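Heads up: the structure comes next, in structure tokens.
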Ligand code: ADE
């Protein structure tokens with residue numbers, strides 16, 4: 001959990017050629033509510049305002065030739081210098097950046113003020129690198145611009161601030177926060193098109209439900225994202241569940257998983273020649 005030591009809102013400055021694309025995103029649903037509650041703050045900055053020419057042209061053709069246009073470094077420099085308060089981090093959205101993940105989201109949620117710089121066209125002049133604190137990609141695919149990437153980052157970071165989503169348990173159980181993918185959830189109807197709801201979830205045995213959920217999270221992660229398992233903090237019980245799911249001991253060790261707890265041995269049947277075990281009757285009035 002974010003430590004709660006923040007007194008002010010988490011402030012996002014979004015620099016883009018299309019502020020009107022992002023504006024409604026910052027005003028609706030949980031983000032809009034968090035702004036009203038003073039937990040988040042957004043300001044939008046149009047890079048064209050800093051073009052420095054009457055055509056509001058922010059890009060130029062690349063040195064060395066080639067297709068497409070490149071956003072000028074001096075435009076980004078002026079736009080950043082014009083921010084009324086200097087941010088703690090200036091993040092450039094680019095498919096060539098470091099891949100965004102939950103750990104980075106948690107790190108960013110500790111800050112007070114983040115600037116997100118969104119590109120379009122063929123990208124930025126490489127010298128923009130010297131103006132930013134990090135370059136971030138939201139995945140191994142190329143979009144038409146950085147706005148959707150900035151929206152991803154805002155979504156993932158903002159929800160980690162206390163009060164932004166109602167129930168803090170719901171992010172602690174999340175996919176990735178636990179190191180594993182989320183377990184499957186169900187709600188009514190109990191029967192839908194021949195598909196039911198696992199019986200354990202319909203009973204009141206909370207320990208069994210917790211274990212079932214953990215086992216299903218392990219199962220999902222094993223089949224969909226096995227790369228997450230080595231850093232998921234697996235317990236001996238998790239190892240036992242993985243063995244039940246068909247993981248052999250060699251693979252368990254490769255995943256950095258601890259050995260499963262020793263299997264309880266079945267009581268050996270008494271040979272007829274052995275004396276029977278006698279159980280002493282309680283002398284103090286029975287059970288406590
Ligand atoms: N701009 C275009 N594609 C992007 C990506 N995958 N991540 C961040 N910014 C981008």
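The values are calculated or read from the model by the stated rules, or taken from the named source; none is laboratory data. Keep in mind that what you see is a predicted model, and the values were worked out from it rather than measured. Glycine gets a Cβ as well: all are built from the backbone with ideal geometry, and neighbour counts include every protein chain shown.
Taking residue 68 and the conditions (1) more than 30 Å from residue 228 (Cα to Cα); (2) out of contact with any strand residue (DSSP E or B) (no Cβ under 7 Å at 6 or more places or on another chain); (3) away from the ligand (no atom under 16 Å from the Cβ), which numbered condition does it fall short on, given that it satisfies the others? All conditions are met except number (3).
Do the conditions hold for residue 180, that is, is it away from the ligand (no atom under 16 Å from the Cβ) and either in a loop (DSSP other than H, G, I, E, B) or within 30 Å of residue 82 (Cα to Cα) (or both)? Taking the combined requirement at face value, the residue satisfies it.
For segment 98-125, name all the residues that are touching a residue at least 12 places away in the same chain (Cβ under 8 Å), more than 14 Å from the ligand (Cβ to nearest atom) and surrounded by fewer than 17 Cβ atoms within 10 Å (Cβ to Cβ). Across segment 98-125, the qualifying residues are 102, 106, 110, 111, 112. In segment 130-166, the qualifying residues are those that are away from the ligand (no atom under 14 Å from the Cβ) and more than 16 Å from the chain's Cα centre (by Cα), and the one that is surrounded by the most Cβ atoms within 10 Å (Cβ to Cβ) is 131. Residues in segment 170-214 that are modelled with pLDDT of 95 or more and on the phi > 0 side of the Ramachandran plot: 193, 194. For segment 166-180, the criterion of a residue being over 30 Å from residue 197 (Cβ atoms), touching a residue at least 60 places away in the same chain (Cβ under 8 Å) and outside the structural domain of residue 210 (by TED's automatic domain parsing) is satisfied by no position. Cβ-Cβ contacts under 6 Å between residues 6 or more apart (or on different chains), taken from a first residue in segment 55-77 that is in contact (Cβ under 8 Å) with a residue 60 or more places away in the chain to a second residue that is assigned to a loop (DSSP other than H, G, I, E, B), are listed as 59/69; 59/121. Scoring residue 89 on the criteria (1) within 16 Å of the ligand (Cβ to nearest atom); (2) crowded, with 17+ Cβ neighbours inside 10 Å; (3) under 24 Å from the mean Cα position of the chain (by Cα) leaves a single failure, condition (2).
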